[in-house]
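Have a look at the structure below, then the notes.
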Amino acid sequence: MKVASKKILLISHSSHPGGAQNSLLHLINQLEKLGHSCSILFPSPHGGFIENCIARGISCFHMPFRWALPNPAEGLCGLMDNTIRLAAEQLKEHQFDLIITNTIVLLIGAELALHLRIPNVVFVLELINADDSLKPAGISVDSYVQYLDNKTSGWLACSNTVKNMLIDFGKIKPEKIFTFYPQTCNKDSFRSLADSEPDITKNKIWKIILIGEQSDRKNPVFGLSVLKLLQQKGHEVHLEHFGISSSAHEQFTSEIIRQGLSDFVHCNGWSEAPLNNATAKSIHLITANCEPFGLTVPECITAGVPVISSRCGGPEEMLPNNCLYNIGDIASCTTLIESILGDEKEYQKTLSTSRLTLEKVLDDKKQIESLRKWTETHFSKINL
């Protein structure tokens, strides 16, 4: 049964650029391929992400609203006044069929859906059981997820890791959750930096690339320990960091100084294209303690940059075992980097096996077909 085109309102937790926002755009692209019309509600009219969406021709709305995590009480308080009622009245004329709330930190989507009498689906891009910065204050993770589930018609999970979290902690029925990877790839999209620099031994300096905010969850300090050990082993290696300052910024900068790495660590801030300076002797290192998906995995492998990651969740679903190390294991991580950057054949072999693994998980045709089936069955169940 084919579902007719629907008008969908997606709610973004931020008006500024970021990984979750990129995931939202990918979801919109896939929904539009299926013939649905998409609009976005933002918390502010100012920010690079909302400006980008307007430039793309996406219909955008804005109203002030708060996150419900890590403080659910504060988030609920923000929904108690007339803001929701007034917003619902303004949105009613657009006759939306469905709300999709991007990220689990928001309750506004569920409340708006109740006022508009339409279903709400939550697109979960977090592991709130493992991310201390998002754990709900005053209630358990289980209680928060179950509270939201009672107001939600369905769930999208950005990985099976996240899906399992929802099942384990929220006691949500598996059939209510659809795993939607917020990135896809195909063979034609792959390119190799090694094509232009086939002999990686010509590049004397190794480059480790960290991408992500300087937060406790991303754990960039671990990357400094790896850098130091590689130098102690006699390798010429630099570290490039791309991302905004966050909870671990002070520790990160002080460790750079303490370990004498100021000349070897380059902090570039946030960048739309962190791989522009990558060479055939670059490697992307993921140091996170928990990672729901890991957008940088397909981005880097597609660009011809090998990825080494901690066993932190999402990346484990996209990478072969020989590209993974246990969280906190500096020696194992260092050995993996040495084996890849120190050997041209191993470098190419790692890229090849990573691509094969990635293709199986993030096949664009398979994902759009799976999304089509999910929308057909799920939309009919919730009587859109």
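From the list THR152, THR161, exactly one residue is within 29 Å of PRO298 (Cα to Cα) and outside the structural domain of GLU299 (by TED's automatic domain parsing). Which is it?
THR161
Within region 253-362, considering only strands (runs of 3 or more DSSP E) that don't extend past its boundaries, which have at least 2 residues that are over 21 Å from the mean Cα position of the chain (by Cα)?
Fully inside region 253-362 and qualifying: 265-267.
Quick one: GLY57 ticks every box in (1) out of contact with any helix residue (DSSP H, G or I) (no Cβ under 8 Å at 6 or more places or on another chain); (2) of a type outside the set (A, V, I, L, M, F, W, C); (3) buried (at least 20 other Cβ atoms within 10 Å of the Cβ) except a single one, so which number is it?
That leaves (3) as the condition not met.
Kindly provide the set of residues from region 148-174 that are in a helix (DSSP H, G or I), free of Cβ contacts under 8 Å to residues at least 60 places away in the same chain and not aliphatic (A, V, I, L, M), ordered by number.
ASP149, LYS163, ASN164, ASP168, PHE169, GLY170, PRO174
State yes or no: is TRP206 under 22 Å from the mean Cα position of the chain (by Cα), at pLDDT 90 or above and crowded, with 20+ Cβ neighbours inside 10 Å?
No.
Just wondering, is there one or more residues in region 73-85 that are assigned by TED's automatic domain parsing to the domain that holds ARG372, closer than 14 Å to LEU9 by Cβ, in contact with a Leu (Cβ under 9 Å, 6 or more places away or on another chain) and at pLDDT 90 or above?
no
Among the numbered conditions (1) modelled with pLDDT of 90 or more; (2) under 20 Å from PHE293 (Cβ atoms); (3) out of contact with any helix residue (DSSP H, G or I) (no Cβ under 8 Å at 6 or more places or on another chain), tell me where ASP131 comes up short.
Unmet for ASP131, out of (1) modelled with pLDDT of 90 or more; (2) under 20 Å from PHE293 (Cβ atoms); (3) out of contact with any helix residue (DSSP H, G or I) (no Cβ under 8 Å at 6 or more places or on another chain): (1).
Consider LYS281 against the criteria (1) buried (at least 21 other Cβ atoms within 10 Å of the Cβ); (2) under 23 Å from TYR181 (Cα atoms); (3) not hydroxyl-bearing (Ser, Thr, Tyr): it satisfies all of them except one. Which criterion is unmet?
Against the list (1) buried (at least 21 other Cβ atoms within 10 Å of the Cβ); (2) under 23 Å from TYR181 (Cα atoms); (3) not hydroxyl-bearing (Ser, Thr, Tyr), LYS281 comes up short only on (2).
Collect the residues in region 263-305 that are closer than 18 Å to VAL361 by Cβ and of a type in the set (Gly, Ala, Ser), keeping them in residue-number order.
Once the filter is applied, which keeps residues that are closer than 18 Å to VAL361 by Cβ and of a type in the set (Gly, Ala, Ser), region 263-305 yields GLY294, ALA303.
Quick one: how many residues across region 116-147 are in a strand (DSSP E or B) and under 20 Å from the mean Cα position of the chain (by Cα)?
Going through region 116-147 one residue at a time, the tally reaches 4.
Say we look at region 1-41 and pick out the residues that are more than 20 Å from the chain's Cα centre (by Cα) and part of a helix (DSSP H, G or I); which of these is nearest to ASP97 (Cα to Cα)?
Per the stated criteria, the residue is GLU32.
Being closer than 30 Å to SER247 by Cα, surrounded by 23 or more Cβ atoms within 10 Å (Cβ to Cβ) and assigned by TED's automatic domain parsing to the domain that holds PRO64 narrows it down to one of ILE99, ILE139, ILE128, ILE167, so name that one.
Answer to the selection: ILE128.
Inspect all residues belonging to region 291-303 and state whether any of them is assigned by TED's automatic domain parsing to the domain that holds LEU224, over 22 Å from LEU230 (Cβ atoms), without any contact (Cβ under 8 Å) to a residue 40 or more places away in the chain and of a type in the set (Ser, Thr, Tyr).
no
The values are calculated or read from the model by the stated rules, or taken from the named source; none is laboratory data. In this text the structure is predicted, and so the values were computed from the model without any measurement. Backbone-built Cβ (ideal geometry, glycine too); neighbour counts: all protein chains shown.
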